[in-house]
Every structure is written in structure tokens, then in C-alpha cells.
């Protein structure tokens, strides 16, 4: 499959906002509006999808409404970047309703996180279009952004030249000031280069089951999550049973929010679980903190070549991310 890269952003371009999963709750509407103003501060215009602020129980409108919005935004010639407002649980509703041929014919920058994993990887798998894990409207642009991550946004989507990514010396959790940074850690020694794929551990497991996962041979898989460590154990075991760890060349694990077990005697470190489940493999594993929920995220361009050296705590994006 041929790889497709979208055109880089420039001032005056239009960003289309869609909600293909969860609805935007009232208590986050201020962050929704702040996010729009932040995008406008970069010289971008914003267009909100017809159903982006709808609610249908726990989703942003019915399945049909969300499919309509998603396909319409890709058909809009003004829109150069498609940005998810928020994650959620039901992005998989629209997988079989997406017009993948239209996406191939109208490549755009597509960004999301959390349940965005579902669509980011599926679109890359079906079309070859590079997609971008990390930014959404509410929890990225709707919150305070440190200069390091603003620079990463500019380098990735406006300039296309990222290169080496380094630990954030001023890392902090966005909701708990008592959490202290651990820095990057070598979980298993080694060096690997490959195509970036991944995202939220549960969502990635789901697209494996649904048949929308990207090619994994030699890939660099990156994972973050939002479940207790026992649930993560189940998800990683599912990936193992599906042959994922037989194929990948390396693994990046990020911040796993809410991973602690309620019963302290049951608690384990995420890294220990990862090592146990992958004990018969030799691929390198690097743990970083700028990937996950309630932390600021570097942008991971799904489909781009990257390199990790776990011993040196090195991570780089090895090709241009946009044209």
C-alpha cells in the first residue's frame, strides 16, 4: 500500500471539528470554546461539524449522524485538518460507514486521542494516510499548553520536520500536582526502527478484533491506557494471543492513567506486567511520560518511520510528517 502524507498546515487553513464518539458534556463546553480560540491564535479558521455538539445518550448523535458528519468533513474542500473534539467509547460505530476512497482522494491532517485510536489506525490501515495521535480540541487545545508541546505541534503539522523527541524536564500531571515525574525508562534493552502504530490499549485491542488494525510487521507499537492494571493485563494478553508481539519490532509504553488497583495488595507496576506478558520476546521497550490521558502529549504520526533506543532513552521521528 502506498503511503499518503497530507499537506502541511499554514495560516488561513480551516480546521474541521467532528465528534465521532462521545458527545461534548456541558461542563466541558468552556474547554471546547477555549480550544477553538487557541486554534484561531495560530492563524487557523475553524468549522464545526453539523452534529459535533449533538447528544444521543453517550454519543454525539446517532451512528448515522456521526457518519454523515465524518464523511462530509472529508468532502469539504475548505477543510485541511480534521480534529476530534473528544474521545469516548463508540468511534467503532462508524468504521464500516467511513468513505475510505474519499479520504484517499482528499487527504487531510487527521488528529485525535483516546477513542481516536480507533479511527486513526483504521484510516491508516485502509488508505495509507498518515494520521496523528495526540491532539484533540478539548483536552489539548482547550487546556493550557506548555511551549514544548506547542513547538511539537508546529514542527509536526506546520513544518513537517520533528527529529529527536526528548523527555520533558518540566513534566507534570494535569490534575494531580502531587505526582512527580519518573523520566523515561529502559524497560527492555535494545534499539529498533519501524512504522509507528498504536494509541489507547483498549481501543487498539478492539480494532484488532474488528479487523481494522494496520500492518504490524516490524512496527513500533505505542500504547497508553485508562484502566486498572488487571484490565490492562487482559488487553495485552489479547494482543499477544492475536500475534501482535510476534510481529512488532519495538514497544513504547506511555502514561497509564487510573492504573492502580483499588485493593493495594493487587497492585502492580505497568512495566512489570508488560515484561511478564512479553517475556519470550526480545524487542526493546521504552517507557515515556508524554503519551496518555491527563498529561501533555507529543504527537505520534501513525504510519511514519521512527526509531527508539531504550538504553539511551532515545526516540526520533525519522521522516517528514507532512508534505
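The values are calculated or read from the model by the stated rules, or taken from the named source; none is laboratory data. Bear in mind the structure is a predicted one, so any value in this text is a computation, not a measurement. Note: ideal-geometry Cβ built from the backbone for every residue, glycine included; neighbour counts use all protein chains shown.
Please verify whether the range 200-216 includes one or more residues that are under 20 Å from residue 286 (Cα atoms) and more than 18 Å from the chain's Cα centre (by Cα). No - not one qualifying residue is present in the range 200-216.
When the range 204-242 is filtered for residues that are crowded, with 19+ Cβ neighbours inside 10 Å, touching a strand residue (DSSP E or B) at 6+ places or on another chain (Cβ under 9 Å) and assigned to a loop (DSSP other than H, G, I, E, B), the ones remaining, listed by number, are 213, 214, 216, 219, 226. Can residue 310 be described as crowded, with 23+ Cβ neighbours inside 10 Å and either within 18 Å of the chain's Cα centre (by Cα) or in contact (Cβ under 8 Å) with a residue 60 or more places away in the chain (or both)? Considered against the rule, which asks whether it is crowded, with 23+ Cβ neighbours inside 10 Å and either within 18 Å of the chain's Cα centre (by Cα) or in contact (Cβ under 8 Å) with a residue 60 or more places away in the chain (or both), residue 310 comes out as yes. Within the set 209, 216, 196, the sole residue that is within 20 Å of residue 246 (Cα to Cα) and at pLDDT below 95 turns out to be 209.
Take the residues of the range 82-99 that are part of a helix (DSSP H, G or I) and touching a helix residue (DSSP H, G or I) at 6+ places or on another chain (Cβ under 8 Å): which is nearest to residue 138 (Cα to Cα)? The qualifying residue nearest to residue 138 (Cα to Cα) is 91.
Residues of the range 100-135 that are closer than 16 Å to residue 9 by Cβ and either part of a loop (DSSP other than H, G, I, E, B) or modelled with pLDDT under 95 (or both): 106, 107, 108, 130, 134, 135. Looking at 300, 315, 256, just one residue is over 15 Å from the mean Cα position of the chain (by Cα) and either surrounded by fewer than 23 Cβ atoms within 10 Å (Cβ to Cβ) or under 30 Å from residue 127 (Cα atoms) (or both), and that residue is 315. Might you let me know whether the range 16-39 holds any residue that is at pLDDT 95 or above, part of a helix (DSSP H, G or I) and either more than 15 Å from residue 139 (Cα to Cα) or in contact with a strand residue (DSSP E or B) (Cβ under 8 Å, 6 or more places away or on another chain) (or both)? Looking through the range 16-39, at least one residue is at pLDDT 95 or above, part of a helix (DSSP H, G or I) and either more than 15 Å from residue 139 (Cα to Cα) or in contact with a strand residue (DSSP E or B) (Cβ under 8 Å, 6 or more places away or on another chain) (or both).
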